[in-house]
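Have a look at the structure below before the remarks.
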């Protein structure tokens, strides 16, 4: 089991964002949720869960923060 320089944990290695991570260390920068390799977004080299964190922080601004909304115009 590899021991990576990012922390002192000896655990299974995953590669994401061009770096090697321990599986439990690959977490969202905002909410700390454990992420899967390739199953998350990235901003400035840091991992974020796609929803809600990345969408809320970096997604389009406006109604529902980029979500689909239904509006009636008169």
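Peptides 30-39, 43-52 ordered by packing proxy, namely the average of other Cβ atoms within 10 Å per residue, highest first: 43-52, 30-39. Taking label points 7 Å from Cα along the Cα-to-Cβ direction, residue 19 and residue 61 give a separation of 2.8 nm. Normalised by 2.2 N^0.38 Å, with N the number of residues, the alpha-carbon radius of gyration of region 13-59 equals 1.02.
None of the figures in this text is laboratory data; all of them are computed from the coordinates on show. Model, not experiment: these values are computed from the prediction. Cβ sites come from the backbone with ideal geometry, for glycine too, and all protein chains shown count toward neighbours.
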